[in-house]
Amino acid sequence: MQADDWLVGVDVGGTFTDFYAFDRASGTVALHKTSSTPDNAADAIVSGLRELAEKTGFPLAAVRNLAHGTTVATNALIQRRGARVAVVTTQNFRDLVEIGRQIRPKLYDLKADHPMPLAPREMRFEVRERIGAAGEVVTALDEASVDAVIDKLKACEAEAVAIAFLFSYLNPTHEEAVKARIQAALPKIAISTSSEVQPEFREYERSSTTLLNAYLQPAFSHYMTTLKDALAEMSPQATVGINQSSGGLMSVDKARDFPIRTALSGPAAGAMGAIHTARLSGRANIVTLDMGGTSADVALIRNLETKLSFDRDVAGFPVRMPMVDINTVGAGGGSLAWFDRDGLVKVGPVSAGAVPGPACYGRGGTEPTVTDANVVLGRLSGHGLLGGAMTLDVEASRRAVGKIADKLGFSIERTAKGILDIVSANMVRAIRAISVERGHDPREFVLMPFGGAGPLHAEGCARALGITEIIIPYSPGILCAQGLLVADRAESFVRSGRLALAEENASELAQLVSSMMAEAEGWWEAEAVEPQARSRKLAIDMRYASQNYELQVGVDELPSVDDLRRMFFEAHEQAYGFHNPADPVDVMAVRLTALGRLPSPGTPPVGADASATPEPRTHRPVWFDGEAAVETPIYDRAAFAPGTRIEGPAVIDQFDATSLLFPGDTAHVDDALNIVITRGDAS
């Protein structure tokens, strides 16, 4: 191992850009936060890396691996700041992306509608061709119609084009031919084909995903190129990986071609970091609560694995892509408290964001936020965040919360407590959606809060859900950045098609797996993954023949037909509470994920001044659940060594987050320096 061998994870959030750096040679950990730069995320990354290196003293040239989670794709969709995009599709299907499915986005809002397609009708063009449901050529590709489309693409000055033909996931030859012809005529245009982006059935979702990918390609390609060039200059030896929504890293070049894969890369990194933390603390079943500045992301992890979902909405558009199964709610530290037309106080989803931010930040914000409520209750220190580098204006928070208090006729403290109760209720609903509503009892899980605001709100959520144990990671505010360092390189392969789960089809199933394994071998070779670092995950999507949606079953190796059927019945029983062994079952897709393990950081070193019996730094009044403040000890987390045990109430400050220990709760520090809280009212 070299003298300097730094691994760096960079996670771009709505308010802060986080850095987690680890030197494998010495075990040194370095943390850093800087304000995000929404106009150009690369600015915060480059400047933050330089600040981190200056603060820590290591040369940027010593960075060997850099992993990056990004919100650029999601923000571009939300703000509609993508390319001028066109669609090329099978004759008579140009309106598919607009017709969609006849499901209202809001059941009881008769005026609510889906967002208009990113390609208006005048930029959606048809080609004479047709592939059948068995992958056969029904109508040969008419090259004259392709040339006519090329002329239209020139005339409308399209910057990107999405090609999505019927049944191209079974036979991509027509899409490939049209792509080649357009590339030859228009070499500067960005092209996405549905057979490359996501070769699966469900025409509307596949077309929508391809359209979104094309819409993002030009801007994302520029961003990736700019970032790659800057990193090559600062850290020429670094291997750069971009996190995917499925939780694995891909190359910068792959990210250029498939930006839609990054739509939920930040939250996915948090799930990876949570699994790593849970493994170090010896827990297998956890519910995560990632609460940042604008939103809270929750996920359920069972047996140190999180499920993937394949149908999600991103900025209102359907996306069919493997993504870590995360539920998001507009509940963050910057979420605004406001009065609805019914006279009730609501919290979120509107957020003060990074600018102007909560009133206490002193950047011009005047409206009450969740962070301001925490400041009013003494839960956040007046000396500031980020180790005191970002001061907080307590009086500004009191003035902001006072606006709500005056209308309610409550004290400022009671109002602040109500704001926090409301935001906790919002997050509890999100957790129930991924646990109770899917057949999981949250009382059997441990709650793991992280993000800058998660540890402040863990107690209220745990109490409402009946969860008795809370684990706070070593660096909760930067866990997403840390999670990027424990993510593997990953590439997903899929074979989609309806196949009856019967003995006579066993050989065809085996052939599908074999063909994907051949593709995985090619990817491992292209990515220069050493044989000892290679692994894979196999999953089968199945459903009853009469159903419309599938359940996914993960397997180590392709089992027998009887075992597959039994595993499907077990999954159906857990999801729906019943199964019928007499009904026929269909296999709808076979999925294989190829993994390449990367070196990961170990356990953080214990600080030189840490002790198993730390003394509080100071005391201050803090409001918990009672009607009056409690004089509460304030600890520095850096002073905690393994074996530390403290009784609540307590406030635990650290660089990236503040943790709250309620009266009656007990906290102890385990060997991985994670704080394990046992709730006092746990029965």
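For this structure, a couple of remarks:
- Here the mean projected area of the convex hull built on the C-alpha positions of the stretch 81-163 is 7.2 nm².
- Alpha-carbon Rg/Rh ratio, for the stretch 401-442, with Rh computed the Kirkwood way: 1.27
- Gyration tensor over the Cα atoms of the stretch 239-328: the corresponding equivalent ellipsoid has semi-axes (square roots of 5 times the eigenvalues, largest first) of 22, 16, 12 Å.
- Amide hydrogen proximity for residue 641: with H placed 1.01 Å from N in the peptide plane, the residues at 5 or more positions away or on another chain lying under 5 Å are 611, 612.
- Of all lysines in the structure, the ones whose alpha carbon falls short of 26 Å from that of residue 188, not counting any fewer than 8 places away in one chain, are 152, 154, 179, 228, 254.
- Taking every alpha-carbon pair within the stretch 580-665, the share separated by more than 23 Å comes to 50 percent.
- Listed by chain and number, the aspartates and glutamates whose alpha-carbon sits under 14 Å from that of residue 307, ignoring those within fewer than 8 places in the same chain, are 325, 541, 550.
- Relative protection proxy for 264-274, 574-584, from highest mean packing down: 264-274, 574-584 (other beta-carbon atoms within 10 angstrom).
- Both numbers refer to the Cα atoms of the chain; Rg and Dmax are 26.0, 81 Å.
- Extended-chain gain in nm, criterion 0.36 nm per residue less alpha-carbon gap, residue 544 and residue 122: 147.9 nm
- Total formal charge among the other residues, if their Cβ is under 14 angstrom from that of residue 156, Lys/Arg +1 and Asp/Glu -1: +2
- Taking trypsin sites (Lys or Arg not before Pro) across the stretch 65-97, the ones in a DSSP loop with at most 12 further Cβ atoms lying within 10 angstrom of their Cβ are 80, 81.
- Solvent-accessible ranking of 391, 210, largest area first, probe 1.4 Å: 391, 210
- With the cut-off at under 19 Å, measuring from each backbone N in the stretch 298-323 to a point 7 Å along the Cα-to-Cβ line of residue 556 picks out 302-306.
- Peptide ranges 53-60, 70-77, 631-638 listed from the most packed, as the mean C-beta count within 10 angstrom indicates: 70-77, 631-638, 53-60
- Debye-sum result for the stretch 135-251 in log10 I(q)/I(0), which assumes one identical scatterer on each alpha carbon, at q = 0.14, 0.19, 0.21 Å⁻¹: -0.71, -1.08, -1.21
- Each label point was placed 7 Å from the Cα along the Cα-to-Cβ direction; for residue 511 and residue 313 their separation is 4.1 nm.
- Packing-based ranking, highest mean first, of 288-296, 321-329, 668-676, 157-165 given that Cβ atoms within 10 Å are counted: 288-296, 157-165, 321-329, 668-676
- Which of 59, 496, 374, positive extreme of dipole for the chain (C-beta unit charges): 374
- For the stretch 429-502, the equivalent ellipsoid derived from the alpha-carbon gyration tensor has semi-axes of 31, 22, 9 Å in decreasing order.
- Per-residue Karplus couplings for the stretch 645-655, computed as 6.51 cos²θ - 1.76 cosθ + 1.60 with θ equal to phi - 60°, are listed in order as 9, 9, 9, x, x, 6, 10, 10, 8, 8, 4 Hz, Gly and Pro entered as x.
- Å² per residue, accessible surface of the stretch 245-335 at 1.4 Å: 27
- Reach of residue 111 by Cα under 27 Å, taken over lysines that are not fewer than 8 positions away in the same chain: 346
- Each listed q (0.14, 0.23, 0.24 Å⁻¹) maps to a log10 I(q)/I(0) for the stretch 272-380, found by the Debye formula over equal Cα scatterers with no solvent: -0.74, -1.11, -1.15.
- Degrees separating the helix 506-526 axis from the principal Cα axis of the chain, which is the longest one: 70
- Other residues lying with their Cβ under 14 Å from the Cβ of residue 81 contribute a combined charge of 0, Lys and Arg counting +1, Asp and Glu -1.
- Near residue 478: Cβ cut-off under 10 Å, other residues only, Lys/Arg at +1 and Asp/Glu at -1. The net charge is -2.
- 3J(HN,Hα) couplings calculated from phi for the stretch 56-68 with the Karplus curve 6.51 cos²θ - 1.76 cosθ + 1.60 (θ = phi - 60°) are, in sequence order, 8, x, 9, x, 4, 5, 7, 6, 9, 9, 10, 10, 10 Hz; Gly and Pro show x.
- Residue by residue, the stretch 535-543 carries 3J(HN,Hα) couplings of 8, 8, 10, 10, 9, 10, 8, 9, 7 Hz when phi is fed to the Karplus relation 6.51 cos²θ - 1.76 cosθ + 1.60 (θ = phi - 60°); x denotes Gly or Pro.
The values are calculated or read from the model by the stated rules, or taken from the named source; none is laboratory data. Here the structure is a predicted model, which means the values were calculated and not measured. Note that we place each Cβ from the backbone using ideal geometry, even for glycine, and neighbour counts take in every protein chain shown. Each accessible area value is taken on the protein alone, full model and side chains, heavy atoms only, with ligands, DNA and RNA left out. Shrake-Rupley method; radii C 1.70, N 1.55, O 1.52, S 1.80 Å.
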